[in-house]
1. So what is the relative contact order of the chain, in percent, for Cα pairs below 8 Å that sit 6 or more residues apart?
2. Express in nm, to one decimal, how much length is gained between HIS257 and SER122 on full extension, taking 0.36 nm for each residue of separation and deducting their alpha carbon distance.
3. Quick one: work out Rg over Rh on the C-alpha atoms of region 223-326, Rh as Kirkwood radius.
4. Once you charge only the Cβ atoms, +1 for Lys and Arg and -1 for Asp and Glu, what is the size of the charge dipole of region 332-478 about its Cα centre, to the nearest 20 debye?
5. Taking the Cα-to-Cβ direction at VAL245 and at ASP306 and moving 7 Å from each Cα, how far apart do the two end points lie in nm?
6. Can you tally the net charge around TYR293? Count Lys and Arg as +1, Asp and Glu as -1, for every other residue whose Cβ sits under 12 Å from the Cβ of TYR293.
7. Quickly rank 469-478, 334-343, 191-200 as a protection proxy: mean count of other C-beta atoms within 10 Å, highest first.
8. Expressed as cubic angstrom per residue, what is the convex hull volume of the alpha carbon set of region 366-446?
Amino acid sequence: MNTESNSLVSRRGLLRTGAGLLLATALPPIPGHAAEPSEYRIVAAPGRARLAGAGRPETDVWAYDGTIPGSLVRLRQGKRARLVVENRLGQDTTVHWHGIRLPNAMDGVPGLTQPPIRSGESFVYEFTPPDAGTFWYHPHANSLEQLGRGLSGAVIVEEREPVAVDRDLLWFLTDWRLTDEGGIASGFGNRMEAAMSGRVGNTVTLNGRVPQAEAVRAGERIRLRLANGSLARIMALRIEGHRPVIVAIDGQPCDPHEPEGGRILLGPAMRIDILLDMQGEPGRHYGVIDDFYEGLTYRLTQLAYDERPPLRAHPLDAPADLPRNPLPEPDIATADHYDLTLQGGMMSGMGGMQGAGMMHGMTGMGRSPVWAVNGMSMTGDGHARMEPALTFQRGRSIMLAMRNETAWWHPMHFHGHSLAVLSRNGKPVPHRQWQDTVLMAPKDVVEVAFVADNPGDWMLHCHVMDHQMAGLMTVLRVA
Ligand code: C2O
Ligand code: CU
Ligand code: CU
């Protein structure tokens, strides 16, 4: 998709400068899907991609619609969407619409919410996205390998009114482990990695390419949607000479704020929308640096200012707030309280998870678990007969204390709901924020709250795919 999708994304939300007056502009038609605006047909199949750019070998991938990342799915808030997924992979798959609050039967978890889509068959996903924002889609079957070979794409749900920015860009970030010949390295599901940080790769692409530079103009305001579609790589992004303002996390608008220490922490599966006022000098370049892993700092890309004079003399003073989504507000005073404890991994002192109460090899795929939630391990991707660890009464406010007793980071993801993050290690979070994927540092205790308003059996799992496959997964029921 690369620049093409960037320009598609950027066609909306045009702003007239001068009086700071927003001219209502018509939303562009959703590209490539003539008949019904929110209809898509997505084909999952093997393909080839030039990830490292011209002159470098191509990579055999598995892709949606033959592109890396897959077709950009643009939906509209409150408007029904119909997505037909056709499987030509030669193995079972499903599609999960990560972060979208939708009916359980559309959630794409094989065995739990739908039968797997067999190769040669299709499945029709239909739902009405209640929330505007940045989401993504990926398989929930053989997830580690299917995601790791390229099956992922972004979903943008448009706000009802355009947001006041000059350009709206998407950086879909993906980590790959490539061989010298350009192939995807084998060894998915390595036990050692599964018990540590997961399969972190050696190549990061931005919209499917190892990036060189992103062209920008002085004075413009960009809404930049960052999405981390990696299997395991956590990112901490800084933009030299710039002060990004975080306006949404996991698709949900938050109180606009600058990231702590100027670093945007982006765990696997997380999305962060920032507003970026281009206050650099025409003609100059500014690095975008990822320094999450100690000693492994690298430059992801750079902002390359063209020579044109600034678009405007002062940063735009339009408000940075995005319109709120219709999330039910939990009532903390009367909430039901539950605990979720994450256990296991290397250096856990649990002796390779020989603990009591473990459920072994529920997938029958011969994987013995190395992680657990509340003393139980569900391994694999989703399958029949997964018993819920907790059952919530529908409509109740729920307060969950999540404790990471392990020595590793975990982006914990809950399906079907968005969670208000209340506190971290006893300290209230300084900004209102809702997330579907909560990144937990080793030993973190995070309190979240939500209204259990979406009935069904929902996955809760770590989005480091090796961790999920190796037991860091559970099911929570809303009944
Ligand atoms: Cu993004 Cu259960 O997944
Ligand atoms: Cu999800
Ligand atoms: Cu994890």
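Readers should treat all values here as calculations from the given coordinates under stated rules, not as data from a laboratory. Predicted model, so just to flag it, every value in this text is computed and none were measured. Virtual Cβ from ideal backbone geometry, glycine too; neighbours counted across all protein chains shown.
1. 14 percent
2. 44.3 nm
3. With Rg and the Kirkwood Rh in hand, the quotient comes to 0.98.
4. Numbers: 10 positive and 11 negative charges, 33 e Å.
Result for region 332-478 is approximately 160 debye, rounded to the nearest 20.
5. 2.5 nm
6. -3
7. On the way: 469-478: 25.8, 334-343: 15.9, 191-200: 20.3.
Most protected by this proxy first, the peptides run 469-478, 191-200, 334-343.
8. Per-residue hull volume (Cα only) is 122 Å³.
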